[in-house]
Amino acid sequence: MKIKSLKLRQTNIPFVLVFKHALKSRSEVDGLIVELETENNIVGYGEALPREYVTGETTESVTGHLINTIFPKMRGMEFNNIDDVLYFLDNFYDIFDSLTEYDLCVKAATELALLDAYGKENKKSVLNLCSSACGLTPKNEIVYSGVVSADTPIIVKQILKQYQKTGITQIKLKVGKDLEHDIKNIELSREIIGKNVEIRADANEAWDLASAKKNLPILAEMGVVSIEQPMPKTSRDDYPKLMEFLRGKIEVCIDESLCSIGDAKWMIENGGASLFNLRISKNGGLSNALKIFAMAKSNGIKCQLGAQVGETSLLSSAGRILAALCGNFLFHEGSFGTHLLSYDLTKNPLSFGSGGIGDLSYLNLTDSMGLGIKVEGKLLDKMTKKILE
């Protein structure tokens, strides 16, 4: 496979509802989509959603690296087999030595476009390509959790009722500075979903160490099974202290503090978490996420699949592939599709079904090679604000 051309689309999609947490409130999503075309006129697509408060990247910084560094060097590159692709991904930061390990959205968007194109060119799904290369046996389906934003009681109640109708039995609640409000939402979740609902909490860096020590025993006593990113990523040294204080009463999950492979190494070596939240865009693609998963597994740390708010079906499919390959994620998030987006870039958006089930059979269909998403040109053009080459 030889690369003929690359282009970048800066995109925007409105939401059907406002999504809020401690760090941000969103009514739309700005994203980046890489289009990679081969000499055989096969087009692969890769997506990334830069978040400055997560990886330090912005739309502008990622755009600059892709247009000025990645695209010029990749034009004309040849990949004769999957080993060539994997070598390129494993040595990405050596090939593009002006980048750092925190240029993660840059790698994610590039990698997904390359894998999508290579899979389509060779009539294979990315799931099958990666499972063969890694020696893994993928799962057939996964079960998604519902996520409830930090909103008014009326909105929270509406969201919970929708999840109850869908048969969702796992919920993640966004929490923050108002513990009394958070406790009411926990009680409301059990009232609407049922007393056996499995509840997690995500503070999105809202607390300091003292607040975390005060709040988490209360949440644990109420049956909350995990707390995600309770403290800022800049308070990394406080995470081992919190783990020692809690002594396993509740899972401590890191998200914003877990971006690069270096972040994973530090948390493992210092005992800063019991659960890793993996997201394709913020972790630098499938290859990095698989490496972090392997590191976590060998050190007794659990993992869950996370998602960027506002992902299209491209990133949702990549997330499903990661979950299928890893096999034993504790929880799964994402695939909201048009539950959140006003439209997607495909006529058949990926979204969880009844009971939160995410079916993976589409990845083995003849017309679903690569990432398994048939991108519709008109929908892609609709969300595109600007095209750069």
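Count charges around L379 for me, please; just the other residues with Cβ under 13 Å from its Cβ, Lys/Arg as +1, Asp/Glu as -1.
That works out to +2.
Rounded to the nearest 20 debye, what is the charge dipole size of the chain about its Cα centre when +1 sits on each Lys and Arg Cβ and -1 on each Asp and Glu Cβ? Write out the running numbers ahead of the final one.
Numbers: 45 positive and 49 negative charges, 174 e Å.
Using only the charged Cβ atoms, the result is roughly 840 debye.
Could you work out how far apart the two model spin labels at E37 and L388 are, taking each label as a point 7 Å from the Cα in the direction of the beta carbon, and quote it in nm?
2.0
Please compute the contact order of region 141-364 in relative form: average sequence separation of alpha-carbon pairs under 8 Å and at least six residues apart, divided by the residue count, as a percent.
20
For an R0 of 45 angstrom, estimate the FRET efficiency from the Cβ-Cβ distance between I183 and Y362 and round to the nearest 0.05.
On the way: r = 40 Å, r/R0 = 0.90.
Efficiency, rounded to the nearest 0.05: 0.65.
Just want the answer: with Cβ charges of +1 for Lys and Arg and -1 for Asp and Glu, which residue in Q170, A150, L115 is farthest toward the dipole's positive end in region 104-192?
The residue sitting most towards the positive pole is L115.
Kirkwood Rh over alpha-carbon pairs of the chain, then Stokes-Einstein at 4 °C and 1.567 mPa s: what D in µm² s⁻¹, rounded to an integer?
61
I need the P(r) histogram for region 141-364: all alpha carbon pairs, bin width 10 Å from 0 out to the longest distance, whole percents.
It works out to 8, 34, 37, 19, 2, in whole percents.
For N270 and E101, compute 0.36 nm times the residue count separating them, minus their Cα-Cα distance, and round to one decimal in nm.
58.8 nm
Membrane-span-like helices in the chain: DSSP H runs reaching 15 Å or more (Cα, own axis), mean Kyte hydropathy at least -1.0?
In the chain, the long hydrophobic H runs are 104-121, 153-166, 179-193, 209-221, 285-298, 313-326.
Where a number appears in this text, it was derived from the coordinates with a stated rule and is not lab data. As the structure is a prediction and not an experimental result, all values here were calculated from the model. When we count neighbours, we look across all protein chains shown, and the Cβ atoms used for this are built from the backbone with ideal geometry, even at glycine.
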